[in-house]
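Peer 1: Structure in structure tokens, see below.
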Amino acid sequence: MSRRLRRRRLNPPQLIALVYLLGVAVGAAALHLPGMTRPGVTLSSVELLFTATSATCITGLVVADTGETFTRLGQVVILLLAQVGGLGIITFGTLFALLTGRRVNFSERQQLAQQVNALDVGGVLGLVRIIFLYTFAAQGVGTLLLSARFVPQFGLGEGLYQAAFHAVSAYNNAGFVVLPGGMAPYVQDPLVSGVIALLIVLGGLGFLVQLNVLTHLANPRRNRLMVYSRLTLVTTGALLVLGAAVLLALEWSGALKGLGTGGKLLAAVFQSVTPRSGGFATVDMTALAPGSVFVMIALMFIGANSGSTGGGIKTSTFAILLVSAWNLIRGRTELIAFGRQIVPENVVRAGTITTIYTLLVFTGFFLMLVTNPALGFTPLLFETVSAAATVGLSLDVTHRLNDAGLIVLCALMYLGRIGPVTFALALNLRETSRGVIKYPPERDILVG
């Protein structure tokens, strides 16, 4: 009997998928409780399920304005779901185990390592402690900075709440907003827009990259900057600069027309940051030119970094594909980045994850066209990529979707959140290389 139970034990990808599914279910059940929505507001079960999925999968797509629809208690539930979903439900479970003194076995350490993208299973528990301390410290500093603007505007209690809510939402790349009027009134506010953008970037970099950078700055000789961190930082910086430059050029006389020069620059930078999985918007997305919409879709598809609170195929995946293409053009047989060789398995994994994400987007987009054909090609494509990459931006169509469309987006948000983690482990080639059968290589296959 015990042997059967061992054989049926869930592997890490299956466990992560199941736990997030249970998290969505618990969140939806909580939002059904009395006192979660404001008097006179009625949301269907599908809409509440959609909200719980969006929060747990840290997306930020909403069927109605969060601040006007949900009570303070409902907003707190949504924020807690985003916090748990951002840091990882299994990560929180391990924290509770540590606090209660329970021993965490090796299997649980493996599962946790996959959740936080740890490189070393043995040191994963210490890493979790650092992650929690760093996360709450970053959110705390963000709250203090935002309080400088919100407390004078809303008063002490409401100002602190607004600051804390949006600091947590931004760091987790959740995209939920409860400010009256949304983020638009702060389009030219360097404090609010700057802090929110910085928190989005920090959350999207991933815990390992942030820790590696901090330890490297503290002692450069002892702690080298990993190639992984360099790829992430260079790719993130390049995408932010390129995205801001293109949006600034395309929208100078368009969506940014009524702003001053400094405001245009700030708004362009913010709109370049937010599609990386942030989900906040300080300008009207429906006012963007078609070229800008395309840029936003591309940035959403690439997303944030591995092991972060963001979605997409990940910047490291995108960087590996670019470096692989560049090396192929130069005639190199080895994949070289920053003077180091990248193992072929990583290239295969990057290509596989990109292929899976592309198929996921294509399938979801087809279903959205079938279920909501009247909403248009571009808005539905934008909505599909936003959900699959767990971004939360919309061309104002989420509230117009029927139940079938909302269910499709729920599936996309769920798969988009767990996809990079579960697929990275499930497609680990080092595990499959243990087989005793070796097949001869075949080189006579044309590609491209």
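Peer 1: Would you point out the residue of the range 29-71, among those that are assigned to a loop (DSSP other than H, G, I, E, B) and among the small types (Gly, Ala, Ser), that is farthest from Asp403 (Cα to Cα)? I'd like the intermediate steps shown before the answer.
Peer 2: Within the range 29-71, the subset assigned to a loop (DSSP other than H, G, I, E, B) is 32-36, 38-44, 57-65, 71.
Those still in the list that are among the small types (Gly, Ala, Ser) too: 35, 40, 44, 60, 64.
On the way: Gly35: 24, Gly40: 21, Ser44: 9, Gly60: 18, Ala64: 14 Å.
By that ranking, first place goes to Gly35.
Peer 1: May I ask you to say which residue of Leu233, Leu225, Leu179 is part of a helix (DSSP H, G or I) and among the aliphatic types (A, V, I, L, M)? Spell out how you get there, then give the answer.
Peer 2: Details: Leu225 fails: part of a helix (DSSP H, G or I); Leu179 fails: part of a helix (DSSP H, G or I).
The conditions single out Leu233.
Peer 1: Could I ask something else about it? Please specify each residue of the range 242-282 satisfying the condition of being open to solvent by 40 Å² or more (accessible area, probe 1.4 Å) and of a type in the set (S, T, N, Q).
Peer 2: Matches in the range 242-282: Ser253, Thr261.
Peer 1: Right, another one. With respect to Thr352, determine if the residue is touching a residue at least 40 places away in the same chain (Cβ under 8 Å), more than 30 Å from Asp189 (Cβ to Cβ) and surrounded by 14 or more Cβ atoms within 10 Å (Cβ to Cβ).
Peer 2: Numbers: touching a residue at least 40 places away in the same chain (Cβ under 8 Å): yes; more than 30 Å from Asp189 (Cβ to Cβ): yes; surrounded by 14 or more Cβ atoms within 10 Å (Cβ to Cβ): yes.
Yes: the conditions hold for Thr352.
Peer 1: Next question. What single numbered condition from (1) among the small types (Gly, Ala, Ser); (2) without any contact (Cβ under 8 Å) to a residue 60 or more places away in the chain; (3) surrounded by fewer than 22 Cβ atoms within 10 Å (Cβ to Cβ) fails to hold for Ala167?
Peer 2: Of (1) among the small types (Gly, Ala, Ser); (2) without any contact (Cβ under 8 Å) to a residue 60 or more places away in the chain; (3) surrounded by fewer than 22 Cβ atoms within 10 Å (Cβ to Cβ), only one is false for Ala167: (3).
Peer 1: From the list Val209, Val195, pick out the single residue that is at pLDDT below 90, under 19 Å from the mean Cα position of the chain (by Cα) and assigned to a helix (DSSP H, G or I).
Peer 2: Working: Val195 fails: at pLDDT below 90.
Going through Val209, Val195 in turn, just one is at pLDDT below 90, under 19 Å from the mean Cα position of the chain (by Cα) and assigned to a helix (DSSP H, G or I): Val209.
Peer 1: Another question, then. Can you confirm whether Val178 is in contact with a helix residue (DSSP H, G or I) (Cβ under 7 Å, 6 or more places away or on another chain), open to solvent by 20 Å² or more (accessible area, probe 1.4 Å) and hydrophobic (A, V, I, L, M, F, W, C)? Break it down stepwise before answering.
Peer 2: Numbers: in contact with a helix residue (DSSP H, G or I) (Cβ under 7 Å, 6 or more places away or on another chain): yes; open to solvent by 20 Å² or more (accessible area, probe 1.4 Å): no; hydrophobic (A, V, I, L, M, F, W, C): yes.
Taking the combined requirement at face value, the residue does not satisfy it.
Peer 1: Right, another one. Using the structure shown, decide if Leu406 is surrounded by 14 or more Cβ atoms within 10 Å (Cβ to Cβ), touching a helix residue (DSSP H, G or I) at 6+ places or on another chain (Cβ under 8 Å), more than 23 Å from Thr274 (Cβ to Cβ) and at pLDDT 90 or above.
Peer 2: Working: surrounded by 14 or more Cβ atoms within 10 Å (Cβ to Cβ): yes; touching a helix residue (DSSP H, G or I) at 6+ places or on another chain (Cβ under 8 Å): yes; more than 23 Å from Thr274 (Cβ to Cβ): no; at pLDDT 90 or above: yes.
Spelling it out, it is not the case that Leu406 is surrounded by 14 or more Cβ atoms within 10 Å (Cβ to Cβ), touching a helix residue (DSSP H, G or I) at 6+ places or on another chain (Cβ under 8 Å), more than 23 Å from Thr274 (Cβ to Cβ) and at pLDDT 90 or above.
Peer 1: Of the residues Phe270, Phe318, only one is at negative phi and at pLDDT 95 or above; which? Spell out how you get there, then give the answer.
Peer 2: Numbers: Phe318 fails: at pLDDT 95 or above.
Just a single option satisfies the conditions, and that option is Phe270.
Conditions tested, residue by residue: (1) touching a Pro at 6+ places or on another chain (Cβ under 7 Å); (2) closer than 22 Å to Thr390 by Cα.
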{"position": "Gly279", "(1), (2)": "no, yes"}
{"position": "Met300", "(1), (2)": "yes, yes"}
{"position": "Ala325", "(1), (2)": "no, no"}
{"position": "Leu328", "(1), (2)": "no, no"}
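Peer 1: Let me ask something else. So Thr384 clears everything in (1) in contact with a Ser or Thr (Cβ under 9 Å, 6 or more places away or on another chain); (2) open to solvent by less than 10 Å² (accessible area, probe 1.4 Å) except one condition, right? Which one?
Peer 2: The one condition Thr384 does not meet is (1).
Peer 1: Filter the range 16-40 for residues that are of a type in the set (A, V, I, L, M, F, W, C) and open to solvent by 40 Å² or more (accessible area, probe 1.4 Å); which is modelled with the lowest pLDDT?
Peer 2: From the range 16-40, those of a type in the set (A, V, I, L, M, F, W, C) are 16-19, 21-22, 24-26, 28-31, 33, 36; that's our starting set.
Right, trim to open to solvent by 40 Å² or more (accessible area, probe 1.4 Å) and you get 18, 21-22, 25-26, 29, 33.
Numbers: Leu18: 80, Leu21: 88, Leu22: 90, Ala25: 95, Val26: 95, Ala29: 96, Leu33: 95.
Among those residues, the one meeting the criterion is Leu18.
The values are calculated or read from the model by the stated rules, or taken from the named source; none is laboratory data. Everything numeric in this text was worked out from a predicted model, so none of it was measured. For neighbour counting, all protein chains shown are included, and Cβ atoms are generated from backbone atoms with ideal geometry for every residue, glycine included. Note: accessible area is taken over every heavy atom of the protein model, side chains too, but ligands, DNA and RNA are not part of it. Shrake-Rupley method; radii C 1.70, N 1.55, O 1.52, S 1.80 Å.
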